[in-house]
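Trainee: Dropping the structure in here first, questions after.
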Amino acid sequence: MNKATFREFTATMEDLAHDVVRACRRGARAIAVMPWPAMLVCCIGLALVISILPLALFLFIAFMALKLIVGAFVIDARRTRTTEYKHAEY
């Protein structure tokens, strides 16, 4: 990595850091002026997003993997049965 590329990379990372800090400050200001009921709704919504969404994604991936594994064994069993029937006919 030459110096020009590294400088571009560090400049991009600095811009990203400034954008993240700016977004956090904006969020903190928004929370500071919120009434209590609205803050409660935001906290509950954030808790749902943080806890339930990853759980749902994990369960989806786990059941899809289970379906693929079971499907592979079922297809393999059907292939071996059909080849046995083909050999039995001759």
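Trainee: Quick one: is GLU8 at pLDDT below 95 and of a type in the set (D, E, K, R)?
Mentor: Taking the combined requirement at face value, the residue satisfies it.
Trainee: Suppose the filter is loosely packed, with under 10 Cβ neighbours inside 10 Å and in a helix (DSSP H, G or I); does THR10 pass it?
Mentor: So THR10 does not fit the description; no.
Matching residues to (1) in contact with a Gly (Cβ under 9 Å, 6 or more places away or on another chain); (2) closer than 30 Å to ALA30 by Cβ; (3) at pLDDT 95 or above; (4) in a helix (DSSP H, G or I):
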{"residue": "LEU46", "(1), (2), (3), (4)": "no, yes, no, yes"}
{"residue": "ILE50", "(1), (2), (3), (4)": "no, yes, no, yes"}
{"residue": "ALA56", "(1), (2), (3), (4)": "no, yes, no, yes"}
{"residue": "LEU59", "(1), (2), (3), (4)": "no, no, yes, yes"}
{"residue": "PHE63", "(1), (2), (3), (4)": "no, no, yes, yes"}
{"residue": "VAL70", "(1), (2), (3), (4)": "no, no, no, yes"}
{"residue": "PHE73", "(1), (2), (3), (4)": "no, no, no, yes"}
{"residue": "ARG78", "(1), (2), (3), (4)": "no, no, no, yes"}
{"residue": "THR82", "(1), (2), (3), (4)": "no, no, no, yes"}
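The values are calculated or read from the model by the stated rules, or taken from the named source; none is laboratory data. Just so we're clear, the structure is a prediction, and the values are computed from it rather than from any experiment. Backbone-built Cβ (ideal geometry, glycine too); neighbour counts: all protein chains shown.
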